[in-house]
Amino acid sequence: MRITKLNTLACSLAAAVISPAYSNEVSNTSANTEVVQEVVINSDRTNKFKPIILPFYDPSIKAGISAIPLFAFYPDENDLVSDASTIAIPLIYTSNDSYIAKVAGDIILFEDNFRLSFETGFTSTNQPLSGIDSNKETIEFDADFMFKVASDFYLGVGGIYTSTRYTADNPEQQSALEDFGFTGDYQDDIGYRVSMQWDTREHFYYPHSGFIWDLQYENHAEWLGNDTDKTYSSVFTDFRHFYSIGDNSNRIIATKFVARYLIDAENAPSSAFTTYGRQGKEVQRGYAIGDYISSNMVNLEVEYRHKFSATGNDYLDKSAVVLIGGVGKSFGEQLQGNTQDFRDSDLLGVIGVGFRYNILPYERLNIKVDLTYNSDGDTIVYFGFGESI
């Protein structure tokens, strides 16, 4: 989940503009300057729509095309503090007849005192799963509501619903899938989540400084409607830190550490296991989904972001290059029934380069392409909008 911090510049400008006491003390020249600043803020804080069309590639579901209608908007016109809310509709189709249709959003309300994050949709992906060519169909809904309880500190609740089935090309492969716990009938999985966030970042989407720590406990209990033999819980943590080298916002080091621990893994359905490469809403770059599946995972990624500025070229001034490095592990209970401890599990390394192009400067929203190479010798290209860290 992504998280937010007050835009301090916008906050101070807004306070200067609307404060009657301040207006009575300044000269006419200063007052006129503040009026100009208010006009600039209001012109930037307008609702925007960007249709994005990008190529798509993942070795598990092959190459394709993605279309992403993106809406950036400000729900409360009197709120000059909150960063933009966004809603995106990712639509993806690939050459192996996989397709994804989702709606995802981050809604920021009442001067960033409330945050709503959600993702819902349908996916049908044809990809290897534990070495078996299969089709995975999923209907899902995932949402979190956060509210500020102290400065930079949020508490939240959320809900998760997924209904998934797995089918293979022939009865023999279908039988092998079901031996791993992947059934051909839709299986519902319902859970709730409680979470806390400590967020000192100065911007929601592309921070130049600060950190955010997200800690979640998720429970899929019997009283929610789950089968008795398919109940489980998990703990997930996500820590991100942003540092501007020499206080220069064009030179940023971004770090992300994520980890998930599946409690009662021996009782959990196979679909609840941790899929390295993408766990929930978070992507671990460099690895195809389905290559590493186990109960637990850890992942550390570091980026160096170099944004061009004052080049005299508008295209370059909206561009940035990224250097990527990462390492992780997938360990614990395996689908085959055996256990692999942390020390004996494979070290999953990745290096890469990326490119960013700014499409909404005020909102700091970018489209991106990342080219990664992992320790298994695989190359993966990622296209999309927003940041992985």
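The values are calculated or read from the model by the stated rules, or taken from the named source; none is laboratory data. Quick caveat: nothing in here was measured; it's all calculated off a predicted structure. Neighbour counts run over all protein chains shown; Cβ positions are idealised from the backbone, glycine included. The protein model used for the area step is the full one, side chains on, heavy atoms only, and it has no ligands, DNA or RNA in it. Shrake-Rupley method; radii C 1.70, N 1.55, O 1.52, S 1.80 Å.
Sorted largest first, the spans of the alpha carbon positions of the range 155-273 along the three principal axes are 61, 35, 21 Å. Stretching SER175 away from ARG343 to a fully extended chain increases their span by 57.2 nm, per 0.36 nm per residue minus the current alpha-carbon distance. Angle check, please: helix 8-18 long axis (alpha carbons) against the longest principal axis of the chain (alpha carbons), in degrees 0 to 90, nearest 10. That helix lies at roughly 40 degrees to the long axis.
Model label sites at LEU371 and TYR161, defined 7 Å from Cα along the beta-carbon direction, differ in position by 4.3 nm. With every protein chain in place and a 1.4 angstrom probe, the accessible-area ranking of HIS241, HIS203, HIS306, largest first, reads HIS241, HIS306, HIS203.
For P(r) over Cα pairs in 10 Å bins from 0, in percent, the value calculated from this model appears in [x] 5, 18, 24, 24, 17, 8, 3, 1, 0, 0; [y] 5, 20, 32, 25, 11, 5, 2, 0, 0; [z] 5, 24, 34, 25, 10, 2, 0 under label [y]. Dividing the mean sequence gap of close Cα pairs (under 8 Å, 6+ apart) by how many residues the chain holds gives a relative contact order of 10 percent.
With 0.36 nm allotted per residue and the present C-alpha distance subtracted, the ASP79-LYS102 stretch has 5.4 nm of extension available. Ordering LEU335, ASN366, PHE239 by the projection of their Cα atoms onto the charge dipole of the range 229-384, which places +1 on the Cβ of Lys and Arg and -1 on the Cβ of Asp and Glu, puts ASN366 at the extreme positive end. Beyond 17 Å, what share of the Cα-Cα pairs of the range 96-190 remains, rounded to the nearest whole percent? Taking all Cα-Cα pairs of the range 96-190, the fraction more than 17 Å apart is 61 percent. The distance linking the range 339-355 with the range 136-160 is 28 Å (Cα centroid to Cα centroid, whole angstrom). The value of relative contact order for the range 256-355, using C-alpha pairs under 8 Å at least six residues apart, is 25 percent. Computed from the C-beta positions of TRP198 and LEU300, the FRET efficiency with R₀ = 22 Å rounds to 0.70.
About its Cα centre, the chain has a charge dipole of approximately 1220 debye under the convention of +1 per Lys or Arg Cβ and -1 per Asp or Glu Cβ, with nothing else charged. Between PHE122 and ILE253, the simple spin-label model (points 7 angstrom out along Cα→Cβ) gives 4.7 nm. When each of the peptides 183-192, 45-54, 334-343 is scored by the mean number of other C-beta atoms lying within 10 Å of its residues, the order from highest to lowest reads 183-192, 45-54, 334-343. Placing a label point 7 Å from the Cα of LEU224 along the Cα-to-Cβ line, the residues of the range 172-187 whose backbone N sits under 19 Å from it are 186-187. When the charge dipole of the chain is built from unit charges on Cβ atoms (+1 for Lys and Arg, -1 for Asp and Glu) and taken about the Cα centre, the candidate among GLY184, PHE153, THR255 whose Cα reaches farthest toward its positive end is THR255. In the chain, a dipole from Cβ-located charges (positive for Lys and Arg, negative for Asp and Glu) runs towards its positive end, and of HIS208, ASN299, THR94 it is HIS208 whose Cα lies farthest in that direction. With the simple model of a label 7 Å out from the Cα in the direction of the Cβ, SER309 to GLN336 spans 5.2 nm.
Of the solvent-accessible surface of the chain, computed with a 1.4 Å probe and all protein chains present, 59% belongs to carbon and sulfur.
Given a 1.4 Å probe and the protein chains as shown, ILE89 ends up with an accessible area of around 50 Å². Counting only protein chain heavy atoms and rolling a 1.4 Å probe, the accessible areas of LEU262, LEU371, LEU347 rank, largest first, as LEU347, LEU371, LEU262. Considering only GLU222, GLU172, GLU111, the Gaussian network model of the chain with Cα springs below 10 Å gives its largest mean-square fluctuation to GLU172.
When TRP223, TRP198, TRP213 are compared by accessible area at a 1.4 angstrom probe, the order from most to least is TRP223, TRP198, TRP213. Based on alpha-carbon atoms, the Kirkwood radius and the radius of gyration of the range 324-368 give Rg/Rh equal to 1.32.
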